[in-house]
Amino acid sequence: MGKLKLQMSITVDGFVAGPNGELDWMNPDKAMEDEKLLPYMNSLIDSSETILMGRKMTDGFVNYWTEVANNPKSRDYAFAKKMVDTPKVVFTRTLAESRWPNTVLAKRDIVEEVNGLKNRARKDLIVYGGAGFVSSLIKNDLIDEYHFLVNPVAIGKGMTIFTELGRYLKLKQIDATPCDCGITIHKYLPETATKPLASKAGSAA
């Protein structure tokens, strides 16, 4: 049985993208050159057999890494090959068939689909985004490990992966590793499943 791991870049004020999905606050060049961060990301994908994705981010993800993987001279070629070669499951309710190579569609209930993948997996599963899809995974207590790449930048407003909770999620920090590029890697495990938020009256009591 495999675990579902989340790897996601996040700002210090808790956003994973700007209001319209902007990622200009990230510095991927420094991240991919960092002597601690790149091996960490490699270890996560190397221990995973499948990438889980939401439909909305799949085009951008697949097209970007395919382009890099087609250029053996690229600095990111080896990592891109892993992104391209690792099988992917795309969660969708609208598509009838996959339009991407090395992918299959998951069209049933998200809890049923993810738990089925975990039960059949020989290695772990990994998810990189996007915000809405990850929010649904968190809401349904499906993520087993959180790997946040905390960037030293605040953007004030934007997309968060905790919008659908309506509850609180208690996490246990396992490790925190500062990198030379300025990013700090935080690893968390869910200490408890999500719990309903107490009402104001209940909080006062």
### Query
In the neighborhood of Arg122, defined by Cβ-to-Cβ distances under 14 Å, what is the net charge if each Lys or Arg adds +1 and each Asp or Glu adds -1?
+1
#### Entry: Kirkwood hydrodynamic radius of the chain, from inverse mean 1/r over distinct Cα pairs, in Å
18.0 Å
### Message
Can you give me the long-range amide H partners of Thr50? Hydrogens built in the peptide plane at 1.01 Å from N, cutoff under 5 Å, separation of 5 or more residues or another chain.
### Response
Ile126
### Message
Over 27 Å between Cα atoms: which of Lys82/Lys107; Lys5/Lys73; Lys36/Lys139; Lys3/Lys36 fall into that group?
### Response
Lys5/Lys73; Lys36/Lys139
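Could you work out the relative contact order of the chain? I mean the mean sequence separation of Cα pairs under 8 Å and 6+ apart, divided by the number of residues, in percent. Don't jump to the answer; show the numbers that get you there.
Values: 361 pairs, mean separation 67.3, N = 205.
Relative contact order here is 33 percent.
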## Note on the structure
Amide H proximity to Ser9 below 5 Å, modelled H, separation 5+ or other chain, gives Leu149
### Task
Report, by chain and number, residues whose modeled amide H sits under 5 Å from the one on Leu171, excluding near sequence neighbours (fewer than 5 apart, same chain).
Glu191
### Task
With θ set to phi - 60°, apply the Karplus curve 6.51 cos²θ - 1.76 cosθ + 1.60 along the stretch 21-36 and write out the HN-Hα couplings as whole Hz, x wherever there is a Gly or Pro.
x, 5, 10, 5, 7, 8, 10, x, 4, 5, 4, 6, 9, 6, 6, 9
## Note on the structure
Within the under-15-Å Cβ sphere about Val90, not counting Val90, Lys/Arg +1 and Asp/Glu -1 give a net charge of +4
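Read the figures in this text as sums done on the coordinates, not as results from a lab. Since the structure is predicted, the reported quantities are computational estimates derived from the model, not experimental observations. A quick note on method: Cβ atoms are made from the backbone with ideal geometry, for glycine too, and the neighbour counts reach across all protein chains shown.
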